[in-house]
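Q: This structure is in structure tokens; I'll ask about it shortly.
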Number of protein chains: 2
Amino acid sequence: MNADLVEKLLYDFNNGSITALGKLITRVENRQPGWMKIMKQIFPCTGNALIIGITGPPGAGKSTLTNVIASELAGKGYGIGIIAVDPTSPFSGGALLGDRLRMAPTLELENVFVRSMATRGVLGGLSRSVGDAASLMDAFGKDVIIMETVGVGQDEIEVIHATDLVILVCVPGMGDSIQAIKAGIMEIADIFVVNKADREGADQVVADLKSMIEMQCHTDGPGPEIFKTVAVRGDGVFRVAEHAVKLGNQNKQHADAAKRRISNQIKTLARQKINSWMEASWSHNGDLEMAVRRVMKKESDPYSVVEEMLAPVKGMFTKEKQHD
Amino acid sequence: MNADLVEKLLYDFNNGSITALGKLITRVENRQPGWMKIMKQIFPCTGNALIIGITGPPGAGKSTLTNVIASELAGKGYGIGIIAVDPTSPFSGGALLGDRLRMAPTLELENVFVRSMATRGVLGGLSRSVGDAASLMDAFGKDVIIMETVGVGQDEIEVIHATDLVILVCVPGMGDSIQAIKAGIMEIADIFVVNKADREGADQVVADLKSMIEMQCHTDGPGPEIFKTVAVRGDGVFRVAEHAVKLGNQNKQHADAAKRRISNQIKTLARQKINSWMEASWSHNGDLEMAVRRVMKKESDPYSVVEEMLAPVKGMFTKEKQHD
């Protein structure tokens, strides 16, 4: 019954059904029966899309910029997928409606597919879900996939690292917080956008960015470019979109890029699998509960307890001696 | 040589040397030789400190509030530890100087110990480091440990979940972004603080919070309290500090709290250990590289490759299950 349903969805997916794409993403995200069959089957069709990450502090206008870039590129004939990562939703367990609402104008475009995503309380869960959704959009035939995220926290960092190109959105007048984000994110941004550039202080942000880039770029390359936009009016966005596609495709062609992407995917999958086995086995056996009780009585400590519990597994990995 | 150094540090630590505390935190954070000995040895002295999490969006004044709460409590004779989680530093690999600078006034207080922390590119690395630092401060004799974090991303969520009490700091006039964070964070906040309450719109934020609390709290308890502060002037902060200590101690005495904390700690340690073994073994054997090559040639896919690589380990976990 389930197998039939999955077959039907894959059939519709291959025939370009957006509904099937959405349903398959949900099925894979929730690890429902057949999810791995789906991912294995679509895998040969992946690796073609350009994946762009858009990051920056809350309130910088990332959603609007994503929206307008998507519209510009869709207008030029590109099929677009958007994955909006909602940083607040880990707490509530689902992406906020707000994001979807803000995305509304884009949603109406025929060749733009939007998906909001949130973490689910599993470490590595976000990057896994986002990666799977991107693979599905990629295999579906989308040309450009944009991942929009606030870009803080380890999980979101993994998402950003899995892209071909990173756009960092800054905004004037956010004081300390923007300064902090700028200082930390320099290393991975390929393009800087100063959004809301009609506001006072925009040129100062550009100047700050320039001097920071000069400080950091010791190579003889030109360093990341800085663009000024007013995304709500669409001002300056086309140039950003054009440059992002050009530079992203260059990055993508580096031999290392695909290798790193696949290596990360394998590691993420393996981590997730082994962690879920471990947790399942522990709660099944009551081992964890017993360990907790011993630690609470101070008969042992968490470090010794974990050493004991993992001793048999350690043997599997350590054919030779290994440090803790 | 190393063993002697660790012994000496532990000796000084037990005699109240702040320098030794700082050095031990660094040693454990970097997993330098002797780290596990240190953690095992101090473990029996942990479990006494009250752990408070302070979270909220960038620019809400978390650092200032943390600072003033620390000063207030230090003034009443409490020994305080502060762990400032820097959300931007994952990129640069170290906590920003900025945080330390902003903390300067507190640093001068004798019984306040401040530590900035950042993730290190390892999933779960932040919560592990923060947890270990808190244990060391706890064993050192600190009465209250405050963890300050932006609270987005899975790693930071883990940090927040490991506290006895959560203070959410809001601020007027941040528009959309604050609304989003409020909506998501409701479930875990014990106390709400509207900081910069001398600004226009403060009462509106309080009213919004009130109606959201009413919507969410179906229990007959009173629900989380809301406080207004102007942290830079110290206004209203004492009441927050007082209430936090009272309520935090109540939470801490719940039988479940310690159990959950230890259970999380064991899980985190186990995850970290098994993941590091796995990665070490793969890069050592060249298994990962070979798998990546096969996937790149489309001879296999990441899902099948991971299944194959983990097949022997899966047996370890499923064998245990069959014993029942």
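Q: Of the residues A:THR229, A:THR268, which is among the polar types (S, T, N, Q), farther than 30 Å from B:ILE42 by Cα and facing another protein chain (nearest Cβ under 9 Å)?
A: None of the other options fit; the residue is A:THR268.
Q: Taking the criterion of being more than 22 Å from A:GLU158 (Cα to Cα), open to solvent by 10 Å² or more (accessible area, probe 1.4 Å) and either at pLDDT 95 or above or of a type in the set (A, V, I, L, M, F, W, C) (or both), would at least one residue in the stretch A:45-63 satisfy it?
A: yes
Q: Within the stretch A:1-34, can you find the residues that are open to solvent by less than 40 Å² (accessible area, probe 1.4 Å), out of contact with any Phe, Trp or Tyr (no Cβ under 9 Å at 6 or more places or on another chain) and under 18 Å from A:SER129 (Cα atoms)?
A: A:ILE25, A:GLY34
Q: Hey, among A:SER92, A:SER71, which residue is modelled with pLDDT of 90 or more and open to solvent by 20 Å² or more (accessible area, probe 1.4 Å)?
A: It is A:SER71.
Q: Something else now. What pairs can you find where one residue is in the stretch A:240-261 and more than 14 Å from chain B (Cβ to nearest Cβ), the other is open to solvent by 80 Å² or more (accessible area, probe 1.4 Å) and of a type outside the set (A, V, I, L, M, F, W, C), and their Cβ atoms are less than 8 Å apart, with a gap of 6+ or different chains?
A: A:HIS243/A:GLU225
Q: Okay, moving on. Within the stretch A:296-324, count every residue that is more than 7 Å from chain B (Cβ to nearest Cβ), at pLDDT below 90 and open to solvent by less than 20 Å² (accessible area, probe 1.4 Å).
A: 0
Q: Restricting attention to the stretch A:129-164, which residues are at pLDDT below 85, more than 20 Å from A:SER263 (Cα to Cα) and within 8 Å of the chain's Cα centre (by Cα)?
A: A:THR149
Q: Let me ask something else. Filter the stretch B:2-33 down to residues that are at positive phi and of a type outside the set (Gly, Ala, Ser), then give me how many there are.
A: 1
Q: Among the hydrophobic types (A, V, I, L, M, F, W, C), outside any helix (DSSP H, G or I) and away from chain B (no Cβ under 14 Å): which single residue out of A:ILE82, A:ILE25 fits that description?
A: One residue alone meets the criteria, A:ILE82.
Q: Just to be sure I understand, how many residues within the stretch A:271-285 are at pLDDT 80 or above and within 8 Å of chain B (Cβ to nearest Cβ)?
A: Of the residues in the stretch A:271-285, 9 are at pLDDT 80 or above and within 8 Å of chain B (Cβ to nearest Cβ).
The values are calculated or read from the model by the stated rules, or taken from the named source; none is laboratory data. Remember, it's a predicted structure, so these values are computed and weren't measured experimentally. Please note: Cβ atoms are built from the backbone with ideal geometry, for glycine as well, and neighbour counts cover all protein chains shown. To get the accessible areas, we keep the full protein, side chains included, count just its heavy atoms, and leave off ligands, DNA and RNA. Shrake-Rupley method; radii C 1.70, N 1.55, O 1.52, S 1.80 Å.
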